[in-house]
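First comes the structure, then the notes that go with it.
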Amino acid sequence: MIEYESLAQSNQKFMAELEAAASRVIRSGWYVLGQEVGAFEAEFAEYVGAKHCIGVANGLDALILSIEALDLPKGSDILVASNTYIATILAIVRAGHNPVLVEPELETFNLDPARLPQAMTANTRAICVTHLFGKTCRMDAIGAFAREHGLKVVEDCAQSHGARLGTQMTGTFGDAGCFSFYPTKNLGAIGDAGAIVTNDDALADRLRHTRNYGSKQKYVNRYVGVNSRLDELQAAMLRVKLSYLDAMTVHKRALAEIYFANLPEWVSKPVRRPDEYDVFHIYGIRHPQRDALRQHLLDNGVKTEIHYPIPPHRQEAMRGILAGSYPVAEELHATELSLPISAGHTADDVVRVAALIGGFAHKETAA
Ligand SMILES: *Cc1c(COP(=O)(O)O)cnc(C)c1O
């Protein structure tokens, strides 16, 4: 069986170092906002090329706290891709604003900058972009549009650790870059964790307060904050894994290269552009008989995933919040299939998956 991902297998290479780091924290006697969080924040800010990094409890909180810290008028319209993972939309709603869906480009799964003008309203104050599957959105075009209309930009980088447009990393294009370190992400903790990066001193200072009851100084509260701190133990785990992030990205890109070379013509493969450095959090193909193809792979011992089976505007939670029809999102949700591409997979695994997909074509054409 080729699993979609086995986290124990993905973390196998780091096991000894993770255990040593965990032991270091346990023995230190300092478990909340200590040295490990401080060190990880400095190391991750440097990695991304941002001035500040503020560790938080998870990716959703990173988004909520960032959007809230923009201090937009309550109930502002915020543009967001119609096919993003629902967390981006939940964050906009939780921060007290209205998500306005913008359709993505079919070929890249990412927000289509050409559709921004028609989505603008008099009430639009910000854009939340998601660099889905580890591919950078066109931040050149999106940034220019935002500047022209005075919009704030928040980046959802939960799937794009280390992804670049030219030499610039995701997280540094907008006002704030929000990261999740959920265990399956390209930089994954051993539990929940998240962070915000920013070059804005005032925003960083506010976030350092709001993640900790609105307080930076013990018993002095400046804002109505929350408890959403990056855990000291998780920060220690992340420091170990950050030192291997580039190597893991190289591994994933090598596996992607095998898919590009070995997958049959008749599946739609991810689109690559010369100035985009994709990190393949997900290798998503598209096929009209997605469910049958997925079953064929399962019958042959390969597990896959769908990102995502139900588009946000069809979720029960979004009734009364999201209206309208989104044919591009519908098409993507109906045809997308995510192939195994984790740190624990080998070139042989991926060659086998690609060959099995080739076999599905034969069946289909024979029928
Ligand atoms: C995983 C993910 C999140 C949420 O991160 P958590 O740490 O699980 O809260 C947000 N947005 C996207 C695009 C994600 O993939």
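Computed from the coordinates by the stated procedures, all read-outs in this text should not be read as laboratory data. Just so we're clear, the structure is a prediction, and the values are computed from it rather than from any experiment. Please note: Cβ atoms are built from the backbone with ideal geometry, for glycine as well, and neighbour counts cover all protein chains shown.
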Name the most mobile residue of VAL353, VAL250, VAL220, meaning the one with the largest mean-square fluctuation, in a Gaussian network model of the chain with Cα contacts below 10 Å.
VAL220
Please compute the net charge surrounding HIS251, taking Lys and Arg as +1 and Asp and Glu as -1 over other residues with Cβ under 14 Å from its Cβ.
-2
Among TYR326, TYR283, TYR31: highest mean-square fluctuation, GNM of the chain, C-alpha pairs under 10 Å:
TYR31
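Percent relative contact order of region 1-153, based on C-alpha pairs within less than 8 angstrom and at least six residues apart? Walk me through the numbers on the way to the answer.
Working: 156 pairs, mean separation 25.2, N = 153.
Once normalised by length, the contact order is 16 percent.
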Return P(r) of region 245-366 (all Cα-Cα pairs; 10 Å bins starting at 0; whole %; ordered from short to long distances).
12, 40, 31, 15, 2
With +1 at each Lys and Arg Cβ and -1 at each Asp and Glu Cβ, the charge dipole magnitude of the chain around its Cα centre, to the nearest 20 debye, comes out at 640 debye
Surface/4 estimate of mean projected area, convex hull on alpha-carbon atoms of the chain, nm²:
18.7 nm²
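Quick check on the chain: of the DSSP beta bridges with both residues there, what percent are antiparallel, nearest 5%?
Numbers: 24 of 42 bridges.
About 55 percent, rounded to the nearest 5.
So, R0 is 45 Å and r is the distance between the beta-carbons of VAL250 and ALA202; what FRET efficiency does that work out to, to 0.05?
Values: r = 37 Å, r/R0 = 0.82.
Here the calculated transfer efficiency is 0.75.
Once you have the Cα-Cα distance between GLU19 and VAL271, take 0.36 nm times their residue separation minus that, and quote the gain in nm to one decimal.
Numbers: separation 252, 0.36 × 252 = 90.72 nm, distance 3.90 nm.
Contour length minus Cα-Cα distance gives 86.8 nm.
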FRET efficiency for ALA292 and GLN118, Cβ-Cβ distance as r, R0 = 35 Å, nearest 0.05?
0.45
Listed residues ALA69, ALA261, ALA39, most fluctuating in the chain (Gaussian network, C-alpha, under 10 Å):
ALA261
